[in-house]
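Derivation of every value follows stated rules applied to the coordinates shown; laboratory data play no part. Only a predicted model underlies this, so the values are computations on that prediction, with no experimental measurement involved. Note: ideal-geometry Cβ built from the backbone for every residue, glycine included; neighbour counts use all protein chains shown.
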Amino acid sequence: MSEFKSNIPRLKQAISRGEREGLDAAADALMARMKDTLSVAYPPASGAGQAPRMRSGRLRMSVAKSDVEDHSIKVGLSTDVAGVKRLGPAVYGKFLEEGTSRMRPRPFFKPMLQDGTAKNNMLGAFEKKMKEAIR
């Protein structure tokens, strides 16, 4: 029993590391899926309800993640990404995702969150890192 108690701090540290690395790996998996979705070349233009086609690559390069903080990580579009400064931020991503009064939505983010493959990839990446950490 005392051997078990002496290993608790090491186990807590391993779990914390596994969580950070797992969240980071899950975010990487989601980012890869988003970038794949945003890599379909233009022309032709995307239709309403389809993910936008790639013209300049600006939107795809804007896909980024935050650091792990408070047991969470964020994935989305950033204006502070290397390479984006050259082209300018993809501030139009929200308009493509949600549509405007003159354009129907061309969602690329929300459908991915509902996609079973993306969820499985994210969970698999997280699980792998957790298992590695607690070995």
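Observations on the structure shown:
- Net length available on complete extension from K12 to L123 is 37.9 nm, with 0.36 nm assigned per residue and the Cα-Cα distance removed.
- Fully extending the segment from K35 to Q50, taken as 0.36 nm per residue of separation minus the present Cα-Cα distance, adds 3.9 nm.
- Relative contact order of region 1-62, taken over Cα pairs closer than 8 Å and 6 or more residues apart, is 23 percent.
- Amide H contacts for M54 (H built 1.01 Å from N in the peptide plane; partners 5 or more residues away or on another chain; cut-off under 5 Å): V40, A41, Y42.
- Distance violations [Cα-Cα > 32 Å] among K12/K94; K5/K74; K35/K128: K12/K94; K5/K74
- For region 2-134, the dipole from Cβ point charges (+1 on Lys and Arg, -1 on Asp and Glu) about the Cα centre works out to 480 debye, to the nearest 20.
- Radius, Kirkwood style, for region 2-134 when every pair of distinct Cα atoms is counted (Å): 16.6 Å
- The share of C-alpha pairs in region 86-135 whose separation exceeds 12 Å stands at 72 percent.
- Each residue of region 97-110 is assigned a 3J(HN,Hα), and the resulting list reads 5, 9, x, 9, 5, 10, 9, 6, x, 10, x, 9, 9, 4 Hz, derived from the Karplus form 6.51 cos²θ - 1.76 cosθ + 1.60 (θ = phi - 60°), x at Gly and Pro.
- Whole-Hz couplings from phi, Karplus 6.51/-1.76/1.60, listed for region 113-122; x for Gly and Pro: 5, 8, 6, x, 5, 4, 4, 5, 4, 5
- Tilt relative to the chain, helix 2-37 - C-alpha long axis, 0 to 90 degrees, to 10: 10 degrees
- MRE, 222 nm, helices only [DSSP H, n ≥ 4, -39500 (n - 2.57), over the chain, to nearest 500]: -17000 deg cm²/dmol
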